[in-house]
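Read the structure below first, then the notes.
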Amino acid sequence: MDNHDSYEQHYFCHHTDMPNLDNGDKIIMPLSSLDRPTSLKIDYPMLLETLNPKTGRVSHCGVLEFTAEEGNIYTPRWMMKIMGLEEGDVVLIKSASLPKGTYIKLQPHKKEFIELSNPKALLEAKLRNFSCLSTSDTIMLMHNNKKFYIDVVQTKPGFVISVIETDCEVDFAIPLDFYWHGEAHRWQFYNRSTAILNSKKVRMEDGAKVGARKRMGKLVFGSNEVQNLEKPATVSKNDESSENEKKFEPFKGKKHTLAE
């Protein structure tokens, strides 16, 4: 985007206890920030790049509303944390034009997230509150008064993507707190999306051999259509010896949808 056509402004960064502010990646801006871009070539909904001038840390976000006092913005607390921002720090806001996402690889910090009764539904619901995702960022999802931190390991087609009304495939990497055991260094993974269909655990080989990921399938952001999952293959104890000779294929699901 040409610099003459972009929006750029410094603001003082604050947090407020406004309900739902911490449930996504959207910030509150002053009304004047809405007026200025009308003469510029800005994509809507507005997507923004945030820069901490002290550290050079960059992230991206959307806009929740335009009710902040002039010269100030209100930011989710978790976003301030990953940006290294303190209350009252100056942050540089720039307009951004991002490609629609087609693929996301996520890594929960705790295995508790994938052991929830329906992690797919939770992910679908919570990501509605997000506008964009950046590779190497950490996002926070709140559920039953618990904070679940999730690393964004990879995004396609770019380093930063928009997740507004887009058909996006999602993979899970091994949670950071998974334990390793046994001579073969195998890890056992209880995936609720699989268990709902067949009520059995799936044993996977060392992550270095199988890519260390679990396929969630596609989420269609902003759609109400839902399609069924394919029934995944399981590995029984009797088949372990023969399966070790073949390349393991992770569970692959058909397209899922994100309820509005």
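The values are calculated or read from the model by the stated rules, or taken from the named source; none is laboratory data. Keep in mind that this is a model prediction, so the values were computed, not measured. All Cβ positions, even for glycine, are placed from backbone atoms using ideal geometry, and neighbour counts span all protein chains on display.
Worth pointing out:
- Answer residue from region 37-56, given it is modelled with pLDDT of 95 or more and in contact with a helix residue (DSSP H, G or I) (Cβ under 7 Å, 6 or more places away or on another chain) and is nearest to ARG128 (Cα to Cα) among those: THR50
- Hey, ARG77 among the charged types (D, E, K, R) and in contact with an Asp or Glu (Cβ under 6 Å, 6 or more places away or on another chain) or not: yes
- Count of residues meeting criterion [within 16 Å of LYS126 (Cα to Cα) and either surrounded by fewer than 16 Cβ atoms within 10 Å (Cβ to Cβ) or at pLDDT 90 or above (or both)] in region 151-184: 6
- Filtered residues of region 136-157 (kept if within 15 Å of GLU169 (Cα to Cα) and in a loop (DSSP other than H, G, I, E, B)): PRO157
- Looking across region 1-33, just one residue is at pLDDT below 90, of a type in the set (A, V, I, L, M, F, W, C) and either assigned by TED's automatic domain parsing to the domain that holds GLU165 or surrounded by 14 or more Cβ atoms within 10 Å (Cβ to Cβ) (or both), and that is MET1.
- Scope region 126-135; condition polar (S, T, N, Q) and part of a loop (DSSP other than H, G, I, E, B); matching residues: SER131, THR135
- When residues in region 88-125 are screened for being outside any loop (DSSP other than H, G, I, E, B), within 15 Å of the chain's Cα centre (by Cα) and modelled with pLDDT of 90 or more, 7 of them pass.
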